[in-house]
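This report concerns only the one structure given below.
The values are calculated or read from the model by the stated rules, or taken from the named source; none is laboratory data. None of these values were measured; they are calculated from a predicted model. Cβ coordinates were reconstructed from backbone atoms using ideal geometry, including for glycine residues, and neighbour counts include every protein chain displayed. The accessibility values were calculated without ligands, DNA or RNA, using every heavy atom of the protein model including side chains. Shrake-Rupley method; radii C 1.70, N 1.55, O 1.52, S 1.80 Å.
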Amino acid sequence: MFVTLEGVDGAGKSTQAQLLAAALGPETLLLREPGGTPAGERLRGLLKDADVDLTPRAELMLFCAARAELVERVIRPALAAGRDVVCDRFVDSTVAYQGGARGIDRDLVRSLNAAAVGDCMPDRTIVLRLDGALAAGRAAGRCGSPISDRFESEGPAFQDRIAAEFERIAAAEPGRVVVVDASGIVEEVHARVLAALGPRRTEDR
Ligand code: TYD
């Protein structure tokens, strides 16, 4: 099973991705985007570098380039070997950040995403929904990485556009995307995430 976690900065994805991967068992592969391959990590470094000024389209292409590497070299082989894969962010982050928030044409975002992943789409995507002020508080409370700063420094209106885009994605693809309330303590949210995966996951472990 291929599961992705999505949400605004500070929604708690990374924590929930770790807990989910642990709950699915030791063979589960936990990944985060961008990264996970030698080229992907170099691209992550470039995208994190606050001194590198990128146009929105170049930013879009670099995220998709890192994703193409990750899909081809890591995700497809793992799924083919029967492993579960949990990925912290995937195609929907590009739709929400580069499409919804940066305003790049949706068709361009869609076609670059498709070029990067082909038919390797998640079986289930969990969107962690958290009120903007709460998310900003959580994001500010952790050690911010430069890449987060690049997006967090855009301010609350930018985060609101991202959140709205995730809601739109969830409404458009209810079979794949489930919105989970990310307020409350970590364990509560984890229980909601497991419930959102459906009975199969808890029964066959
Ligand atoms: P990261 O430090 O991993 O933050 P987070 O823990 O919030 O995921 O940085 C990822 C940042 O990159 C995050 O602000 C979202 C952004 N991003 C995009 O804009 N587009 C994408 O396609 C992806 C994967 C991430």
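Structure above, values below:
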| read-out | value |
| --- | --- |
| Rg to Rh quotient for region 2-199, alpha carbon positions, Kirkwood Rh | 0.93 |
| Potential lengthening between Asp181 and Glu167 on full extension [0.36 nm per residue; Cα-Cα distance subtracted] | 3.8 nm |
| Protein accessible area in the chain, 1.4 Å probe - carbon and sulfur % | 56 percent |
| q = 0.12, 0.22, 0.28 Å⁻¹, region 53-109: log10 I(q)/I(0) [Debye, one scatterer per Cα] | -0.34, -0.84, -1.10 |
| Only Lys, Arg (+1) and Asp, Glu (-1) charged, at Cβ; the chain dipole about Cα centre in debye | 300 debye |
| Cβ-derived FRET efficiency at R0 30 Å, Asp131 paired with Ala22, nearest 0.05 | 0.65 |
| Packing rank of 70-77, 101-108, where each peptide gets the mean count of other beta carbons within 10 Å, highest leading | 70-77, 101-108 |
| For region 2-199: relative contact order, % (alpha-carbon pairs under 8 angstrom, 6 or more apart) | 33 percent |
| Gain on full stretching of the segment that runs from Ala50 to Ser111 - 0.36 nm per residue minus C-alpha separation | 19.2 nm |
